[in-house]
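Okay, so here's the structure we're looking at.
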Amino acid sequence: LRLQKTHVSQQSAQYTQQQEEIRALEMAKRELEASASEHQKQRQQMETDVSEWKEECICTRDDLEQTGVLLTTAREQLAQLTDKHTQLEDTFAAKQLDWERLQQTITDNVRKLELALGEAVARLRQLESQNAAERAVADELRAQQAVMAAKLAEYSKLSETLFSLSRLPH
């Protein structure tokens, strides 16, 4: 009986030990399931994140492609603007050269006009001097004419007087 008790007690201890192992295993199973569930949630979150990142990558790629198109367009426009700027610079340089030539022509014409004006003023003074001399001569001739007219008037009176005298009976 004692042996049986010992054996029962050993079996009971083994049973208790097995029960504890079962409980430990069940607890480990629950922890693993909880861990698996957590990993599953993390995996789903990672898949969601990956999907979002993929969408962001697609959007970023689309944005980069659009930026590339815009960059190409901007380069073309810049090239056109550079060409236009070069054309405008060339046109400006040509107009500047034309303006300088025009200024030189105007300056030359002004000098010629100044010379012609100087010559005209000198000729005018010469003509004024001649006119003054001719007026002096004309004044002198008028004075001589007045003197002659006075003498002629005297002569005419004298002639009339002589004519009158000659008609008198002698």
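The values are calculated or read from the model by the stated rules, or taken from the named source; none is laboratory data. Note that the coordinates shown come from a computational prediction; the quantities given were computed from them, not determined experimentally. Every residue, glycine among them, receives a Cβ derived from its backbone with ideal geometry; neighbour counts consider all protein chains shown. Protein only, heavy atoms only, side chains kept; ligands, DNA and RNA dropped before computing areas. Shrake-Rupley method; radii C 1.70, N 1.55, O 1.52, S 1.80 Å.
Summary table below
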| item | result |
| --- | --- |
| Probe 1.4 Å - accessible area at ILE58, Å² to nearest ten | 80 Å² |
| Residue with peak Gaussian network fluctuation, the chain [Cα springs, cutoff 10 Å], from GLN14, GLN77, GLN45 | GLN14 |
| Lys/Arg +1, Asp/Glu -1 at C-beta; the stretch 112-170 dipole; positive extreme among LEU141, LEU165, VAL121 | LEU165 |
| Simple Cβ-charge dipole of the stretch 1-160, Lys/Arg +1 and Asp/Glu -1, about Cα centre, in debye nearest 20 | 260 debye |
| Against the rule of thumb 2.2 N^0.38 Å, how large the Cα Rg of the stretch 61-127 comes out | 2.59 |
| Accessible area of ARG101 in the full protein assembly, 1.4 Å probe (Å², nearest 10) | 140 Å² |
| Semi-axes of the equivalent ellipsoid for the stretch 1-68, Cα gyration tensor, largest first, Å | 62, 6, 4 |
| Per-residue SASA entry for SER12, accessible area with 1.4 Å probe, Å² rounded to 10 | 60 Å² |
| Between the stretch 145-170 and the stretch 70-92, the alpha-carbon center distance in angstrom | 108 Å |
| Option label - Cα extents along the principal axes in Å computed here, alternatives (i) 49, 34, 31; (ii) 236, 28, 22; (iii) 52, 43, 30 | (ii) |
| Projected label distance in nm at LYS54 and LYS157, using a 7 Å step from Cα toward the beta-carbon | 14.8 nm |
| Tilt relative to the chain, helix 2-167 - C-alpha long axis, 0 to 90 degrees, to 10 | 0 degrees |
